[in-house]
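All remarks here apply to the structure that follows.
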Amino acid sequence: MLVEIETWLLYAAAAAGLSLTPGPNGLLALTHGALYGTRRTALTIAGGALGFMGIIAMSLFGIGALLAASANLLTVLKWLGGAYLVWLGIQVWRSPPAGIAEGTIHAEVKNFRLFRQGFLAAVTNPKGILFFVAFLPQFLNPEKELLAQFAIMAATFVGIEIITETVIAATSARIQPVLARFGKRFNHVFGGLFMVIGIALPLRA
């Protein structure tokens, strides 16, 4: 076997733990699920999945060595990621309240925008980059085909991430009538969370 079952199960547990840890993509799935419904949030989730695949590919091709050689690069990534999350928070803050007629929301927010937000939330998150650079290699066997092992690990992580975010979005969509009672306050709370995370991200050591 390319990957021992025990190794895969341990990795899958770690990946699930990361997916369940509060982060930009999970928060985005929660917010979009309430604002746009589960079906449209699938675009957000797909964008995030593609972003994570890109990060895994970069880790395969040596981004870890690049980050190790240049501490400034990681700092730049943190500031870019933080700035994007602040911008995203502003967009959520200004979004129509949860519970507005879906036709209105569909007209105002294009599908590609949802996909793009999920993608950028994934690729600008240094936490995800560091996970794949520092953690993923520990589960690889250098005596076996590395590319195939990377493919298995990447598919495992992305699959878990898709399932987790879909459950979050579906749960959020189901309680949309409750959230609608709060009107714009829901947007303000979660938009504010994005902005707080964006500000705190580059300030962490």
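The values are calculated or read from the model by the stated rules, or taken from the named source; none is laboratory data. Keep in mind the model is a prediction, meaning the values are calculated, not measured. Note that we place each Cβ from the backbone using ideal geometry, even for glycine, and neighbour counts take in every protein chain shown.
Listed values, structure above:
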read-out: Residue ranges of helices (runs of 4 or more DSSP H) in region 3-84 with at least 1 members modelled with pLDDT of 75 or more; value: 5-20, 24-36, 38-60
read-out: Of the criteria (1) in contact with a Ser or Thr (Cβ under 6 Å, 6 or more places away or on another chain); (2) closer than 21 Å to Leu147 by Cα, which one Leu35 fails; value: (2)
read-out: Residue pairs meeting the criteria (Cβ under 6 Å; at least 6 apart or on separate chains; first within 19 Å of Leu30 (Cβ to Cβ) and touching a residue at least 12 places away in the same chain (Cβ under 8 Å), in region 145-166; second part of a helix (DSSP H, G or I) and among the hydroxyl-bearing types (Ser, Thr, Tyr)); value: Ile160/Ser19; Glu161/Ser19; Thr164/Ser19
read-out: Positions within region 116-143 being modelled with pLDDT of 70 or more, closer than 28 Å to Arg39 by Cα and surrounded by fewer than 19 Cβ atoms within 10 Å (Cβ to Cβ), in sequence order; value: Arg116
read-out: Of the criteria (1) at pLDDT 80 or above; (2) assigned to a loop (DSSP other than H, G, I, E, B), which one Phe182 fails; value: (1)
read-out: Total residues in region 1-26, condition of a type outside the set (Asp, Glu) and either over 17 Å from Phe131 (Cβ atoms) or without any contact (Cβ under 8 Å) to a residue 40 or more places away in the chain (or both); value: 9
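Yes or no, residue by residue, for (1) surrounded by 17 or more Cβ atoms within 10 Å (Cβ to Cβ); (2) under 16 Å from Tyr36 (Cα atoms); (3) not β-branched (Val, Ile, Thr):
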{"position": "Glu145", "(1), (2), (3)": "no, no, yes"}
{"position": "Thr166", "(1), (2), (3)": "no, yes, no"}
{"position": "Pro177", "(1), (2), (3)": "no, yes, yes"}
{"position": "Gly192", "(1), (2), (3)": "no, no, yes"}
